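Got a structure for you, questions after.
Any read-out appearing in this document is the output of simple, stated calculations on the displayed coordinates, not a laboratory observation. Note that the structure is predicted; figures quoted are calculated from it, not measured. Please note: Cβ atoms are built from the backbone with ideal geometry, for glycine as well, and neighbour counts cover all protein chains shown.
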Amino acid sequence: MAEPLRVLVVDDEAPARSKLRRLLASDPRFTLAGEAADGAAAVAQVQALHPDLLILDIQMPGLTGFEVLEALEPPLPQVIFSTAFDRFALEAFEAAAVDYLLKPYDAARFAKA
């Protein structure tokens, strides 16, 4: 069995981070590497932890999810955007997103992503 993907969860809303922690804990493909509640903390965490996957909100205090990606040096982790706004989907895929989770999503949609 392959090593689980190390995931960094980035969302400014505590309930959203809590939901992602639960979903990740129930799936052996993943291990939680860390969390961040804003864009600046996300950049620092990615630089420190080198996660395989970033589950990234778009609208956050400080830097947006897109600005977080712009601030990072390659190689970038894979990215799944998790947001309540469908209007950013095209931009997300142009930024090489693996998937786009539109809140509220359920466990089945998360597993598919």
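Measure off 7 Å from each Cα along the Cα-to-Cβ vector at A113 and E13, then give the distance between these two points in nanometres to one decimal.
1.2 nm
With a cut-off of 8 Å between alpha carbons and a minimum separation of six or more residues, what is the relative contact order of segment 5-112 in percent?
On the way: 182 pairs, mean separation 25.3, N = 108.
Relative contact order for segment 5-112 comes out at 23 percent.
Further question on the same structure: Counting each DSSP H run of 4 or more residues in the chain as -39500 (n - 2.57), what helix-only mean residue ellipticity at 222 nm follows after dividing by all residues, to the nearest 500 deg cm²/dmol?
Numbers: 5 runs with 42 residues, N = 113.
Computed mean residue ellipticity for the chain: -10000 deg cm²/dmol.
Could you tell me which trypsin sites (Lys or Arg not before Pro) in segment 1-97 are loop residues by DSSP with no more than 13 other beta carbons within 10 angstrom of their beta carbon? Don't skip to the answer; put the middle values down first.
Numbers: sites: R6, R17, K19, R21, R22, R29, R87; in loops: R29.
Filter output for segment 1-97: R29.
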